[in-house]
Each structure stands twice: as C-alpha cells, then as structure tokens.
Amino acid sequence: MYDVLIGPFLQYGFMQRALFGSLVLSASCAPVGVFLMLRRMSLTGDAMSHAILPGAALGFLFFGLDILPMTIGGLVVGLLVALGSGAVSRFTVQKEDASMAAFYLISLAVGVLLVSWRGSSVDLMHVLFGSVLALNDEALALIAGIAVVTFLSLAVFRRALVAECLDPLFLRSVSRIGAPVHFLFLTLVVLNLVGGFQALGTLLSVGLMMLPAAASRFWSNRVGSLCLIAIVIAAASCLGGLLLSYHASMPSGPAIILTAGVAYALSALGGRRGMLSGLLASRRHKTA
Amino acid sequence: MFRTFRIATTASLLTLGGLASTAAAADLDVVASFSIIGDFAKNVGGDRVEVSTLVGADGDAHVYEPRPADAAALEKAGVVLVNGLEFEGFMKRLIETSGTRAAVVEVTKGIEPLKAEEEEHHYDEKAGEAGHDHDGEEKEEAGHDHAHEGHHHHGEFDPHAWQSVANAQIYVKNIADAFCEADQAGCATYTANAEAYLTKLADLETEVKATIDEIPADKRTIITSHDAFGYFEHAYGVKFIAPEGVSTEAEASAADVAKLIDQVKANKAAAIFLENITNPRLVEQIASETGLKVGGTLYSDALSGEGGPAATYIDMFRHNVETMKAAILGS
C-alpha cells in the first residue's frame with residue numbers, strides 16, 4: 001500500500017514537483033472556476049487558450065523560442081481579450097459569452113496571421129505549453145506566485161465578488177465597486193489560465209479549473225463550500241491522476257483530468273443535488 | 001485563313017522556343033515536403049531543378065499547417081517528393097486540393113520499413129546492451145508486452161527512415177529516377193549528380209561507423225525527446241530511449257519518465273540530448289534529476305538554417321554522430 005501510494009513520490013523528484021505544482025494550481029484555479037461557472041463563463045478557459053496566440057507569436061518574433069517573452073506576451077494579450085470582452089458586456093447589452101467569443105476569434109486570427117508571416121512551422125503552442133512532468137523551478141515559482149495573488153484577492157474581495165457574480169444589478173445599486181471587481185476577477189482568470197498553460201499545458205489548467213467546479217455544484221449551494229469542495233476534488237484528482245499515470249503508464253495530463261471527470265460523473269449521479277436525489281425527490285412528490 | 005493559321009503556329013512555336021530557353025535555368029520544378037528531402041533533391045538536380053521545400057529548416061512536419069503558397073507551388077511542380085510512411089499527415093489533402101498533375105513520389109519506396117512497434121524495446125529492461133544482434137531482438141519483441149503501444153503511433157511504420165545513410169542512398173536513387181522520368185533531357189545530368197552524391201554518402205557511412213566504433217559498446221545508450229532515431233539504432237547499434245512517442249504530438253506518462261530516470265541511474269544511459277523540433281522541458285527535467293548534462297542538440301526531423309551546424313543532410317549526420325560521441329565520451 002505504502003509502495004503504491006507514497007513510493008513514487010519519495011523516489012522521484014519529478015513526481016514531487018508534479019504533485020506540488022498541480023496541488024498549488026488546484027487550490028488557486030478551482031475557486032476561480034467556481035466563480036466562472038456561476039457567471040456562466042465555463043468555456044472561457046478554452047477560448048483563452050486560443051486567444052493568447054498573438055502574444056506568444058509576438059514574443060517569438062522578437063525573442064525567438066524563449067519561454068519568458070512568450071508567456072508575458074500571452075498574458076498581455078489574454079488580459080486585453082478578457083478586459084475588452086468584459087468592457088463590452090459591461091457597457092452594452094451584449095452578454096459576456098458573446099463578446100468573449102468575438103474577442104477571442106479576432107485574437108486567434110491575428111495570431112495565425114503573425115505566425116504565418118514569419119513562416120515558421122514549429123508549433124508555438126507546443127513550445128509554450130508545459131507538461132506536469134517537466135516542472136522546473138521557474139514554473140513552480142510562477143504557479144506559487146499566481147496562487148498567492150489569487151488567494152489574497154479572493155480573500156479581500158470575496159463578498160463583492162459573490163455579489164458581482166450572483167446579482168450584479170444589486171451590487172450596482174448599492175456600491176460602485178462592481179466594475180473594478182469585475183475587471184479584477186477577469187485578471188485573476190487570465191493569470192491562472194496563462195500561468196497554468198505555461199506550467200502544465202492547456203488540458204490540465206482548463207480542466208483543473210472547470211471540472212472540479214462543475215462537480216462541486218452537485219453538492220452545495222453556498223459559494224464558500226463550493227470553492228472548498230472544488231479544491232478538494234481538484235487536489236484528489238491530481239494525486240489520483242499522477243498515481244494512475246505512474247502505475248498504469250498513462251499520459252499524465254489526460255490521467256488527471258479523467259480522474260476529475262470520474263469525480264464529476266459520480267457527483268452528477270449521486271451528489272446531494274444530483275440526478276438520483278432529484279428523481280427520488282420528484283417521486284416522493286407524486287406519492288405525497 | 002491558312003495563312004493566319006500558319007502564322008499563329010509559327011508564333012506559338014516561337015514563344016514555346018522562347019519559353020524553353022528562358023526556363024533553361026530550371027528545367028524542372030520540384031516540391032519537397034520537408035528540408036531533408038529538399039537537400040537530396042538539390043544535390044541530384046543541381047542547376048536543372050528549382051526545389052521548393054514546404055516544411056523548412058527547424059520545422060516540425062508532424063504538426064505543419066500548409067499555406068496557400070504551398071498549394072500554388074504544388075500546382076506548378078513537375079515532381080512532388082514526399083517521405084511517405086504517413087510522415088506528412090498534411091500532404092495528401094494538400095495534393096488533392098492543389099489539383100497538381102505532377103508525379104507524387106514516395107522516396108521511401110524500396111526501403112525496409114521498421115515497424116513502429118519496434119520502438120517498444122526502448123522500454124525493455126535490457127535497453128543498455130547496445131550493439132547486440134538484431135534478429136534475436138525482434139523475435140523477443142514479438143512476445144513483448146504491448147501495453148504502451150497506444151501512445152506513440154503515427155501509422156504502422158516508423159517514418160524517420162532517413163536516419164540511416166543506407167536508406168538515404170535509396171532516397172537519392174528514387175529521386176534520380178523520378179527526375180529522369182519527368183525530364184528525360186536531363187537524365188544524364190541527374191544520374192551523374194546522383195552517382196557523385198551517392199559516393200559522398202558512402203564515405204559518410206564509413207565515417208559514421210568509424211566514429212561509433214570509438215564509443216565503447218556498453219555506453220551506446222542515449223536519451224532524446226521523441227522517438228526519431230529507430231533507423232539509426234537499427235543501422236549503427238546505438239540505443240535511443242525517449243519519453244515521447246514517434247510523433248511529437250504524444251504525451252509522456254509518469255511511468256515512462258520514471259523508467260528513463262532508473263535507466264540513467266543504473267548507468268545504462270550515458271547521454272541525454274535535445275532535438276531541434278521539440279519542447280526541451282521534459283528532457284531538461286530528466287537531466288536535472290539525474291545529474292546528466294544535456295549533451296547538445298540533435299537534428300532529427302529537420303535541417304538547421306543556412307549558417308547552422310546541420311544545414312545539409314551530410315552535415316546533419318556528421319553533427320549528430322560527433323555530438324553523441326563527444327557527450328558519451330565526455331561523461
């Protein structure tokens with residue numbers, strides 16, 4: 001038992017790094033995912049993974065295949081896209097999902113244009129996106145930094161964020177903090193996503209953000225407990241997925257995300273607000 | 001009426017003659033799918049052919065996305081050279097779309113393709129014993145556990161056939177044949193060029209074997225980032241182990257990485273290398289965990305740019321072998 005569960009992490013440095021990095025990212029991404037889900041922006045992560053292409057391409061054009069400029073470029077463009085689409089949705093009638101779609105498509109097109117201009121066929125995203133098995137010191141530092149920023153912001157602005165996500169009109173009527181909080185939240189989303197892409201790759205960072213958040217929804221109604229449950233599910237998936245990847249020789253990213261997927265499926269079926277309890281409740285209703 | 005007709009014919013004959021003479025600089029337009037085949041084509045064609053290469057220096061043909069200019073180049077081409085063995089996933093549709101009438105030649109025709117499964121022995125416990133006889137090894141693999149198979153498949157065969165000089169010689173012969181068929185007037189030139197180049201390749205082969213002989217047999221194990229050296233291994237008895245599969249698209253599992261680290265710690269792998277087309281981070285991680293120094297960059301699927309260390313096929317091969325030797329003997 002000990003050999004199966006703990007052994008791999010004691011024996012190999014890369015496994016310790018993988019576990020540490022993915023756990024820290026879980027703690028930071030999962031709550032952000034909960035807020036994204038509450039805002040009905042669950043697909044933002046996927047859009048963002050395409051939207052940052054022009055930033056990565058510009059970094060590549062000026063500095064070559066160096067990861068730091070590509071990451072910074074990606075962050076800047078990601079922020080532009082998120083804040084731009086946020087502004088459009090805030091000050092016009094358009095909903096945030098539609099403006100996000102528009103902005104990310106424009107950005108993606110610019111990115112493809114830039115990449116083709118130079119005529120290189122190295123897949124930039126392949127180079128930019130990391131792997132959980134290859135976390136070096138810089139990647140770990142990046143993840144830890146993002147987690148700290150995310151935690152502090154969430155702790156300070158928790159109440160405003162909840163109000164802004166659940167009932168923006170109410171918040172607007174009682175305070176003028178709505179717009180800044182909205183943009184702060186979008187910044188957190190971009191930070192977590194782009195940092196996650198760079199360190200762990202798209203599948204893992206988007207997956208760890210959204211799947212645990214979606215699964216937590218079947219267990220609770222309160223934002224605080226949603227965040228906690230999502231973090232627990234994400235962390236358990238990282239541990240389980242890495243062990244699966246080690247023992248069953250599966251690629252690590254898919255192994256972790258599929259573990260989270262199993263947690264989602266079980267929650268959807270057996271959760272307190274899942275399908276089974278829904279069916280039981282409606283039957284009780286009929287007989288009563 | 002007859003007269004006008006005659007004038008028209010003479011005029012068109014004249015223009016034809018004119019065209020032929022201006023085109024004398026390049027009698028044949030050739031499109032090569034990636035840089036290594038492009039280099040062969042230039043050596044065989046010399047001044048008579050104009051070679052355009054789709055996936056250029058340092059490019060990754062596994063994930064290439066073609067541009068309209070590529071289709072345009074294909075359309076006016078007389079010969080299209082592709083590697084085959086499902087290496088260029090993008091090529092089939094591109095050729096169909098471009099409507100080219102050119103002969104599409106698979107230059108791997110006639111080589112003995114290695115099964116992609118043959119890469120399996122990378123995970124074999126005996127991976128350290130390089131230079132043993134290969135027939136016995138193949139039989140052994142037939143019964144080998146196939147659990148890993150799924151994650152490094154492109155197709156049935158390993159397409160990186162140019163990583164053995166003997167195969168490169170077959171590539172060159174195929175290219176010369178294709179040129180002769182498309183441009184008979186130049187056939188003598190092509191054959192002569194090919195002969196000269198084949199001699200150079202034969203020299204290269206001798207040189208490569210001599211260099212590898214200088215490496216002790218029990219040290220001939222090398223880690224690279226993706227499985228591109230199956231043919232090299234087969235031809236020269238140097239073992240390659242890689243965390244990624246044959247395609248750069250595949251992802252490594254923790255088990256693969258752990259096994260590589262174990263092999264290094266058991267002194268079975270003596271050197272670790274980056275490749276010019278893949279993400280270096282995984283290899284760097286393995287290197288830092290095992291204390292093995294990264295021995296430099298190997299060129300696997302693409303040549304380097306003009307001024308680089310592997311601007312031609314021969315330079316590439318020489319560079320790879322010298323880099324391997326230096327890293328192994330230095331460790």
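The values are calculated or read from the model by the stated rules, or taken from the named source; none is laboratory data. Values in this document were obtained by computation on a predicted structure and should not be read as measured data. No Cβ is skipped: glycine too gets one built from the backbone with ideal geometry, and neighbour counts run over all protein chains shown.
The figures follow:
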{"item": "Test: residue in the range A:144-155 that is without any contact (Cβ under 8 Å) to a residue 24 or more places away in the chain and more than 30 Å from A:Tyr12 (Cβ to Cβ)", "result": "yes"}
{"item": "Only listed residue being buried (at least 22 other Cβ atoms within 10 Å of the Cβ), among the β-branched types (Val, Ile, Thr) and facing another protein chain (nearest Cβ under 10 Å), chosen from B:Val80, B:Val31, B:Val55", "result": "B:Val55"}
{"item": "Test: B:Ala103 is surrounded by 13 or more Cβ atoms within 10 Å (Cβ to Cβ) and farther than 19 Å from B:Asn174 by Cβ", "result": "no"}
{"item": "Count - residues of the range B:61-105 that are touching a strand residue (DSSP E or B) at 6+ places or on another chain (Cβ under 6 Å), on the phi > 0 side of the Ramachandran plot and of a type in the set (Gly, Ala, Ser)", "result": "1"}
{"item": "Qualifying residue in the range A:203-214 (condition: more than 18 Å from the chain's Cα centre (by Cα) and either crowded, with 20+ Cβ neighbours inside 10 Å or within 14 Å of chain B (Cβ to nearest Cβ) (or both))", "result": "no"}
{"item": "Residue ID - farthest from B:Val264 (Cα to Cα), chosen from residues in the range B:298-331 that are modelled with pLDDT of 85 or more and of a type in the set (Asp, Glu)", "result": "B:Asp315"}
{"item": "Odd one out for A:Phe91, checked against (1) in contact (Cβ under 8 Å) with a residue 12 or more places away in the chain; (2) over 21 Å from A:Ala235 (Cβ atoms)", "result": "(1)"}
{"item": "Any pair with Cβ under 7 angstrom, 6 or more apart, that starts in the range A:3-28 at a residue that is more than 10 Å from every other protein chain (Cβ to nearest Cβ) and ends at one that is among the hydroxyl-bearing types (Ser, Thr, Tyr)", "result": "A:Leu25/A:Ser205; A:Ser28/A:Thr150"}
{"item": "Verdict on A:Ser252 being within 14 Å of another protein chain (Cβ to nearest Cβ) and either on the phi < 0 side of the Ramachandran plot or under 14 Å from the mean Cα position of the chain (by Cα) (or both)", "result": "yes"}
{"item": "Residue in the range B:289-297 that is surrounded by 22 or more Cβ atoms within 10 Å (Cβ to Cβ) and modelled with pLDDT under 85 present", "result": "yes"}
{"item": "Given (1) in a helix (DSSP H, G or I); (2) polar (S, T, N, Q); (3) at pLDDT 85 or above, index of the condition B:Thr97 fails", "result": "(3)"}
{"item": "Any pair with Cβ under 6 angstrom, 6 or more apart, that starts in the range B:224-238 at a residue that is over 16 Å from B:Glu207 (Cβ atoms) and ends at one that is in a loop (DSSP other than H, G, I, E, B) and among the hydroxyl-bearing types (Ser, Thr, Tyr)", "result": "B:Ser225/B:Thr278; B:His226/B:Thr248; B:His226/B:Thr278; B:Ala228/B:Ser300; B:Tyr231/B:Ser164"}
{"item": "From B:Val283, B:Val264, B:Val246, B:Val257, residue being more than 10 Å from every other protein chain (Cβ to nearest Cβ) and at pLDDT 75 or above", "result": "B:Val264"}
{"item": "Test: residue in the range B:227-241 that is within 14 Å of another protein chain (Cβ to nearest Cβ), closer than 17 Å to A:Ala134 by Cβ and modelled with pLDDT under 85", "result": "no"}
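Residues checked against (1) at pLDDT 85 or above; (2) within 18 Å of A:Leu128 (Cα to Cα); (3) under 11 Å from the mean Cα position of the chain (by Cα); (4) of a type in the set (Asp, Glu):
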{"site": "A:Ile6", "(1), (2), (3), (4)": "no, no, no, no"}
{"site": "A:Ala18", "(1), (2), (3), (4)": "yes, yes, no, no"}
{"site": "A:Val24", "(1), (2), (3), (4)": "yes, no, no, no"}
{"site": "A:Ala27", "(1), (2), (3), (4)": "yes, no, yes, no"}
{"site": "A:Pro31", "(1), (2), (3), (4)": "yes, no, yes, no"}
{"site": "A:Leu43", "(1), (2), (3), (4)": "yes, no, yes, no"}
{"site": "A:Ala51", "(1), (2), (3), (4)": "yes, yes, no, no"}
{"site": "A:Gly55", "(1), (2), (3), (4)": "yes, yes, no, no"}
{"site": "A:Phe63", "(1), (2), (3), (4)": "no, yes, no, no"}
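One line per residue, one yes/no per condition, for (1) buried (at least 16 other Cβ atoms within 10 Å of the Cβ); (2) within 14 Å of another protein chain (Cβ to nearest Cβ); (3) farther than 30 Å from A:Arg158 by Cα:
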position	(1), (2), (3)
A:Arg40	no, no, no
A:Leu53	yes, yes, yes
A:Ala98	no, no, no
A:Ser107	yes, no, yes
A:Ser116	no, yes, yes
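Conditions tested, residue by residue: (1) outside any helix (DSSP H, G or I); (2) free of Cβ contacts under 8 Å to residues at least 40 places away in the same chain.
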| position | (1), (2) |
| --- | --- |
| B:Ile170 | no, no |
| B:Asn174 | no, no |
| B:Glu181 | no, no |
| B:Ala202 | no, yes |
| B:Ile215 | yes, no |
| B:Ile222 | yes, no |
| B:Ile261 | no, yes |
| B:Val264 | no, no |
| B:Ile272 | yes, no |
